[in-house]
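Read through the structure below, which is laid out as structure tokens, and then see the notes.
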Amino acid sequence: MRTTIIIAYWIVSVLIAALIVMLFTENIPFVRALFMGIMFLPGALAAQYMLPKISFRKKSEGIRNTIYVVLAIMILEYLLLIVSYSFQPSGTYVYIQGKNYANPLMFPNDTGVMNPLFISTMVSLLAIGGAMLDRWLGKNHPEMESPITFCSDRKKVSLLPSEIVYVESCDTEVLIHVSDGRKLRNKTGIAQWESVLGEQFIRVHRAFLVNSEYVSSYKGDTLKVGEESLPVSRKYQKYLKELFPV
């Protein structure tokens, strides 16, 4: 069901993107506009799933990686839009601003579609919409949650977020504490786990990310998770007091 909803969202998004392209490009056929709308999907999906995984543990490195990802997405979109321009049924011509363009690669720059601001806006809107849908589904329909797949001790493991009790950072690796008692090792940083797992998980310490569904009590600098007591940094105590009032 979750997959169906997400697919429906992207289909509707492509149709809306096609209509917007038609607004910015005079007399363009709907089939071509639809094809161009589809070209925004790879960039939007890349932005939705890659940007949140960037770690800002080292601020300068995080900013640099963000710039690299954004530039890569923009280059990808330019290439895809050029490909979409070449999609033209045989014997047809496109009329733009009173001019006849038999060669689709001769589209003028003032159509607006190739404007970097237009491209970045389209990609951002699609990516934000997809992320908001994922968040809404996770919060309001946890039964639709998707499994998270990762490597632990060179083996692939799939877990539902609801099965994860908390994530513990241990220097160069993290421990995934599972509801069945397992402790799974993984090399992904805790900051990246925080962005992947979503709002249900709360940061209580630089070394601990906790599933709020398993919190049994909170007092001062200690959070009770099941039978375990985890430390709470002063940085997060005010937020936790509001979240778990005594």
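The values are calculated or read from the model by the stated rules, or taken from the named source; none is laboratory data. These numbers come from a predicted model, not from an experiment. Glycine also receives a Cβ, built like all others from the backbone with ideal geometry; neighbour counts cover every protein chain displayed.
Here is how the numbers come out for the structure above:
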read-out	value
Every pair of residues 6+ apart whose Cβ atoms lie under 8 Å, when the first sits in segment 119-134 and is of a type in the set (F, W, Y) while the second is at pLDDT 90 or above and in a helix (DSSP H, G or I)	none
Selection within segment 203-244 - of a type in the set (S, T, Y), under 29 Å from the mean Cα position of the chain (by Cα) and either farther than 21 Å from W193 by Cα or in a loop (DSSP other than H, G, I, E, B) (or both)	S233
Out of K183, K219, K187, K224, sole residue that is of a type in the set (K, R), under 29 Å from A47 (Cα atoms) and not assigned by TED's automatic domain parsing to the domain that holds A47	K187
Count - residues of segment 190-206 that are surrounded by fewer than 17 Cβ atoms within 10 Å (Cβ to Cβ) and either over 16 Å from I148 (Cβ atoms) or among the aliphatic types (A, V, I, L, M) (or both)	2
Selection within segment 26-85 - under 23 Å from L197 (Cβ atoms) and aromatic (F, W, Y)	Y49, F56
Number of positions in segment 213-222 that are touching a residue at least 24 places away in the same chain (Cβ under 8 Å) and surrounded by 15 or more Cβ atoms within 10 Å (Cβ to Cβ)	3
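Let's see how each residue does on (1) assigned by TED's automatic domain parsing to the domain that holds A44; (2) touching a Phe, Trp or Tyr at 6+ places or on another chain (Cβ under 8 Å); (3) at pLDDT 90 or above; (4) not in a helix (DSSP H, G or I):
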| residue | (1), (2), (3), (4) |
| --- | --- |
| L81 | yes, no, no, no |
| S84 | yes, yes, no, no |
| F87 | yes, yes, no, yes |
| T92 | yes, no, no, yes |
| L105 | yes, yes, no, no |
| T121 | yes, no, yes, no |
| S162 | no, no, no, no |
| L175 | no, no, yes, yes |
